[in-house]
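Please read the structure below before turning to the comments.
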Amino acid sequence: MSETEASGDGGRRGRFVTFEGGEGAGKSTQLTRLADRLRRLGLSVITTREPGGSPGAEALRHVLLSGAAEALGPEAEAILFAAARADHVEALIRPAVASGQWVICDRFIDSTRVYQGITGNVPPRLIAALESISVGTMLPDLTLLLDLPAAEGLKRAAARRGFDTADRFEKDGIDLHESRRDGFLALARSEPDRFAVIDAAQEVETVAEAVWYAVRRRLGI
Ligand SMILES: Nc1ncnc2c1ncn2[C@@H]1O[C@H](COP(=O)(O)OP(=O)(O)O)[C@@H](O)[C@H]1O
Ligand SMILES: [Mg+2]
């Protein structure tokens, strides 16, 4: 196939899938499993994460997750997330999907909508403007929301972390984490065609099967 055909949007466009959910929901675990499964089918798969995923965005990841940006206030923090995302989309996601690859991303716009927007006091108008600048039309084809009670996710995250300190967002109180869960569920209800809500309190294998079912049913593989 010629270069032109490969980059056209015919049958060659890849897919863009995102995982969302709270701390310890199992996003990283399930992302790896889904990528392995798709690769076994012979598909070309790139896994990535936010904040980060490209050299420019990874430099901002440290600023955001260490809490260094917290003192600048929620709006500045949201702007930095958007700057990182714009670089990630342009440097990695858009070209990969255009060339026929699958991109699976650990957190994306919905985390910003929830953490900075719904529960973070950044006005919806600013969130929408930043999203439009950073993402444009590069919306996920499918968003897998891993849903479980915040207390359960935090327990898992703490066990995973061991003696390391919690990051900027994990260290927030349980009520805020529960509100974030509600925020994600509200987003899922508002865009049922894009979201699949997965019960993430089940065993890893059971969650993986639910993810696989959603991917096959929604994306037709
Ligand atoms: N379904 C599950 N049941 C029990 N523990 C899980 C499950 N999924 C993931 N874990 C464990 O919980 C911790 C957090 O999972 P992880 O995938 O890192 O979550 P996230 O990326 O959403 O923060 C890890 O130690 C992981 O092994
Ligand atoms: Mg993770």
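Where a number appears in this text, it was derived from the coordinates with a stated rule and is not lab data. Every value quoted in this text rests on a predicted model; they were computed, and no experiment measured them. So basically every Cβ, Gly included, is an ideal-geometry build from the backbone, and we count neighbours across all protein chains shown.
Exposure proxy check: SER190, SER134, SER28 ranked by fewest other beta carbons within 10 Å?
SER190, SER28, SER134
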| note | With 0.36 nm assigned to each residue of separation and the Cα-Cα distance removed, ASP167 to GLU209 gains 12.1 nm
| For ALA208, what is the net charge nearby, where nearby means another residue's Cβ is under 11 Å from its Cβ and Lys, Arg count +1, Asp, Glu -1? | -2
| message | Going by amide H atoms built from the backbone, whose H comes under 5 Å of the H on GLY22, apart from near neighbours? | response | LEU148
| request: Could you list which residues have their amide H under 5 Å from that of ARG15, counting only those 5 or more apart in sequence or on another chain, with H placed in the peptide plane? | output: TRP102, VAL103
| How many angstrom separate the Cα center of the range 10-48 from the Cα center of the range 71-94? | 21
| What shape does the chain have by the C-alpha gyration tensor, where a ≥ b ≥ c are the square roots of the eigenvalues, rounded means a/c under 1.5, and otherwise prolate means a/b greater than b/c and oblate the rest? | oblate
| said: Once you place label points 7 Å from the Cα toward the Cβ at ALA201 and ILE174, how far apart are they in nm? | reply: 1.4
| query | Once you put a point 7 Å from the Cα of ILE221 and another 7 Å from the Cα of ASP182, both along the Cβ direction, what distance in nm separates them? | reply | 3.6
| query | Taking amide H positions as placed 1.01 Å from N in the peptide plane, with prolines and chain starts having none, which residues 5 or more places from ARG49, or on another chain, fall under 5 Å of its amide H? | reply | ASP106
| said: Quick one: 3J(HN,Hα) in Hz for the range 93-98, Karplus 6.51/-1.76/1.60 with θ = phi - 60°, rounded, Gly and Pro as x. | reply: 5, 4, x, 5, 5, 4
| remark: Over the chain, the sum of -39500 (n - 2.57) across DSSP H runs of at least four, divided by residue number and rounded to 500 deg cm²/dmol, gives at 222 nm -15000 deg cm²/dmol
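Please compute the length gained on full extension between LEU43 and GLU152, using 0.36 nm multiplied by the number of residues separating them and subtracting their Cα-Cα distance. If you can, show how the numbers build up before the last one.
On the way: separation 109, 0.36 × 109 = 39.24 nm, distance 3.36 nm.
That pair, LEU43 and GLU152, stretches by 35.9 nm at full extension.
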| remark: Subtracting the Cα-Cα distance of ARG189 and THR32 from 0.36 nm times their residue separation yields 53.9 nm
